[in-house]
1. Looking only at segment 27-47, decide whether some residue is surrounded by 13 or more Cβ atoms within 10 Å (Cβ to Cβ), hydroxyl-bearing (Ser, Thr, Tyr) and under 18 Å from the mean Cα position of the chain (by Cα).
2. Could you check, for segment 86-106, whether at least one of its residues is over 17 Å from the mean Cα position of the chain (by Cα), closer than 20 Å to LEU126 by Cβ and not hydroxyl-bearing (Ser, Thr, Tyr)?
3. Being surrounded by fewer than 16 Cβ atoms within 10 Å (Cβ to Cβ) and β-branched (Val, Ile, Thr) is the requirement here; does VAL111 meet it?
4. Considering only residues of segment 76-103 that are surrounded by 13 or more Cβ atoms within 10 Å (Cβ to Cβ), aliphatic (A, V, I, L, M) and out of contact with any Leu (no Cβ under 7 Å at 6 or more places or on another chain), which is nearest to GLU153 (Cα to Cα)?
5. Kindly indicate the residue of segment 136-177 that is modelled with pLDDT of 90 or more and among the aromatic types (Phe, Trp, Tyr) and also farthest from GLU116 (Cα to Cα) among those meeting that condition.
6. If GLU54 satisfies all but one of (1) acidic (Asp, Glu); (2) loosely packed, with under 11 Cβ neighbours inside 10 Å; (3) at positive phi, what's the number of the condition it fails?
7. Got a sec? Which of ARG113, ARG64 is out of contact with any strand residue (DSSP E or B) (no Cβ under 6 Å at 6 or more places or on another chain) and at positive phi?
Amino acid sequence: MKKIMFYIIFFIVITIFIVFLFFFVGSPPQAKEIIFGVTFSQKHAKDLGISWKETYLALLDDLRAKNLRIITHWDLVEPGEGEYNFDDLDWQIAEAEKRGAKTLLIIGMKVPRWPECHIPEWAKNLGKSQQQERILALLEKFVLRYRDSSSIERWQVENESFFPFGQCPWVDREFLK
């Protein structure tokens, strides 16, 4: 009987100790400032059948978003090999700059929103190394074009690039280095 009581008391003490550790010792410090923002995808707005420009302006003017994550889709920016169309992205960045909004520009093959990899039709049948060359050329175009933008505060190259999700032909850790 004493042995059973010992185990019950021991179990209760250990449980209380674990609960104490969980709630009081491992707590991360409270954030002093939380910055909220929004993600915008021109392509997704079109897929929903809404005006992407009106939606973008509503985010800036009605919602007064000051922190934007702008998704750039390879197939929209380079519809033909070596044929770049930055008009829509130029407009988005200019509108953000007019309002003093800060942007994070997501560039590369894999960006948020299904199917994750938005490969242009002309590049779908290229080999992996050829696709990688074209992606590097695209990244260079982005950086050279927008490096002096007062709105772009951060760049994100690829999205969840090591997570094999979506309709993507390959995952390559070395390529991202």
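The values are calculated or read from the model by the stated rules, or taken from the named source; none is laboratory data. For clarity, every value in this text was computed on a predicted model and none was experimentally measured. Cβ coordinates were reconstructed from backbone atoms using ideal geometry, including for glycine residues, and neighbour counts include every protein chain displayed.
1. Taking every residue of segment 27-47 in turn, at least one turns out to be surrounded by 13 or more Cβ atoms within 10 Å (Cβ to Cβ), hydroxyl-bearing (Ser, Thr, Tyr) and under 18 Å from the mean Cα position of the chain (by Cα).
2. no
3. no
4. Top of the filtered list is ILE93.
5. TYR146
6. The single condition GLU54 does not satisfy is (3).
7. Selected residue: ARG64, the only one of ARG113, ARG64 that is out of contact with any strand residue (DSSP E or B) (no Cβ under 6 Å at 6 or more places or on another chain) and at positive phi.
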